Amino acid sequence: MKRVIILKFIGFIILNFTGIMANSQNKIPAGQLFNEMKKMRQVLHNSPEYSHKEEQTAQILLGYLEPTKPDYLHKNIGGYGVVAGYKGKGTGPSVMFRCEMDAIKTEMGFEHLCGHDGHMAILLGLSQIVSENRDFDGTVWLLFQPAEEIGEGASMMAKELKELGIKFDYAFALHNHPGYPLNSIIIHEGVYAAGSVGMEIRFKGSPSHAAYPEQAVSPYNAIVSTADYMKSLNTDKDSFKDFILGTVVNITLGEINYGVTPGEGYLRMTLRSFADEDLDKLCSMMERFAKAKGAEDKLEVTIAYFDRFPATVNDNSANSIVEAAAKSNGLEIIYAKEPTRGSDDFCFFAFDSLSSFFDIGNGTDGEDIHRSGYKFSDQIMETALNIYRTMIYNFKKPSYD
């Protein structure tokens, strides 16, 4: 019943949005569009879905996008991803703006505690602007990406878009950033986000009765020693070119059975760095240590990797376009002192495009993303829309040709 009510409400909002599109001869007043974007975000906020489950989210997006009559509309890309393309009047580059679709998993279920609902609403507002006014060069692509939280959606989309023959000359993305002044623009020169990977090390020996632990081949010492070794690398300034960090996220040793000395255990870590070569080296060093320790204790060692994110690296020329748009709109620009430690799979779009991933300050008072109490600031949407609009219409770089 709840789903039916939500869908009816979604339908009402979409019909209202469609009516605005049909009745507008010229550009919709900025205030009216901003109010519609807030409604869009609320619809998306009330319909959170986890990675690779964004079916209803995609339908909501299509309900808004189809009335804007994009020249290209691709559905189910990389899962439930949606890509809409709008051709301008002049020749020029293929410019892509990306947002994320998925929510995070919490104790309360699925929730938009990262601001992806707001990021989607920004591009929905932009879809209306570029639909009504085609006085720009090249093609504007709006990309709605699934499964960002688990680092899988971008690589899947990039592969399928390549098969479709779609290539982006420029790629842009933004993220809200709690802890920075509201509507400030945070620029990262070079690396935007760390590369990371989940590493699972399985140590297998043999169990025994708990009364005779000396009969077991226990993985305990190997697990503890390997975790300590990883911790020691966090302060090793000589082995790596830049920042690295290893974090233990899970240790599993046997089962809850007070009569058994366990013979099998797992050490799970997240390894991250600002340089991909450092991450590769960190993984190799951890592998060598774990295997040597396992051999010393007569343990079988197997290693698996999960959620690999290469580092996201910004291009200077793409950054300059963002900077010029921010200055044109009178916004405060803050140059980040270092990359963010978190990872983002936008890197898979950045490989083949001149790209810039930047942040917009979400205010200094609220909770950080992924935390209970986090709130997305709606004012960001208007700021982001103005930046993107300025980038599309006001700055025509020679490198576009």
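The table below gives the values:
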{"item": "Accessible surface ranking that places the most exposed of Glu66, Glu163 first, with a 1.4 angstrom probe", "result": "Glu163, Glu66"}
{"item": "Largest-first ordering by accessible area, 1.4 Å probe, given options His45, His370, His209", "result": "His209, His370, His45"}
{"item": "Near-label residues of the range 170-200 by backbone N, under 19 Å of a point 7 Å along Cα→Cβ of Ala324", "result": "170-173, 185-190"}
{"item": "Nearest 10 degrees, 0 to 90: helix 116-132 Cα axis against the chain principal axis", "result": "30"}
{"item": "Bridge type composition, the chain - antiparallel percent by DSSP, nearest 5", "result": "65"}
{"item": "Accessible-area value, Arg268, 1.4 Å probe, nucleic acids and ligands omitted, Å²", "result": "60"}
{"item": "Among Ala304, Ala211, Ala121: highest mean-square fluctuation, GNM of the chain, C-alpha pairs under 10 Å", "result": "Ala211"}
{"item": "Accessible area of the chain belonging to carbon and sulfur atoms, whole % at 1.4 Å probe", "result": "50"}
{"item": "Cα centroid separation, the range 125-200 to the range 211-230 (Å)", "result": "44"}
{"item": "Global geometry of the range 313-401, whether rounded, prolate or oblate, following the gyration tensor of its Cα atoms and the 1.5 cut on a/c", "result": "oblate"}
{"item": "Net dipole in debye of the chain [+1 Lys, Arg Cβ; -1 Asp, Glu Cβ; about Cα centre; nearest 20]", "result": "840"}
{"item": "Approximate spin-label separation Met108-Arg134, in nm, with each point projected 7 Å along Cα-to-Cβ", "result": "4.4"}
{"item": "Dipole moment magnitude, nearest 20 debye, the range 265-401 about Cα centre, only Lys, Arg, Asp, Glu C-beta charged", "result": "120"}
{"item": "Residue of Leu279, Leu143, Leu164 that the Gaussian network model of the chain assigns the largest fluctuation, springs spanning Cα pairs under 10 Å", "result": "Leu164"}
{"item": "Inter-probe distance in nm under a simple model that places probes 7 Å from Cα toward Cβ, at Glu367 and Ile150", "result": "2.4"}
{"item": "Within the range 365-396, backbone nitrogen closer than 19 Å to the virtual label 7 Å beyond the Cα of Val249 toward Cβ", "result": "369-372"}
{"item": "Mean-position separation - Cα centroids, the range 350-391 and the range 296-333, in angstrom", "result": "15"}
{"item": "Largest-first ordering by accessible area, 1.4 Å probe, given options Glu148, Glu107", "result": "Glu107, Glu148"}
{"item": "Folded to 0 to 90 degrees: helix 30-45 orientation relative to the chain principal axis, Cα", "result": "30"}
{"item": "Highest-fluctuation residue, Ile380, Ile244, Ile333 considered, GNM on the chain with Cα pairs under 10 Å", "result": "Ile333"}
{"item": "Estimated FRET transfer efficiency (Tyr72, Gln379; beta-carbon r; R0 30 Å; 0.05)", "result": "0.45"}
{"item": "Gain on full stretching of the segment that runs from Asn234 to Glu296 - 0.36 nm per residue minus C-alpha separation", "result": "19.9 nm"}
{"item": "Degrees between helix 55-65 axis and first principal axis of the chain (Cα, 0 to 90, nearest 10)", "result": "20"}
{"item": "Average accessible surface area per residue within the chain, 1.4 Å rolling probe, Å²", "result": "46"}
{"item": "Identified option (computed Kirkwood radius over Cα pairs in Å; candidates (1) 28.9; (2) 23.0; (3) 22.1)", "result": "(2)"}
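The values are calculated or read from the model by the stated rules, or taken from the named source; none is laboratory data. Note that the coordinates shown come from a computational prediction; the quantities given were computed from them, not determined experimentally. Every residue, glycine as well, gets a Cβ built from its backbone with ideal geometry; the counts of neighbours run over all protein chains shown. Ligands, DNA and RNA are excluded from the accessible area calculation, which covers all protein heavy atoms including side chains. Shrake-Rupley method; radii C 1.70, N 1.55, O 1.52, S 1.80 Å.
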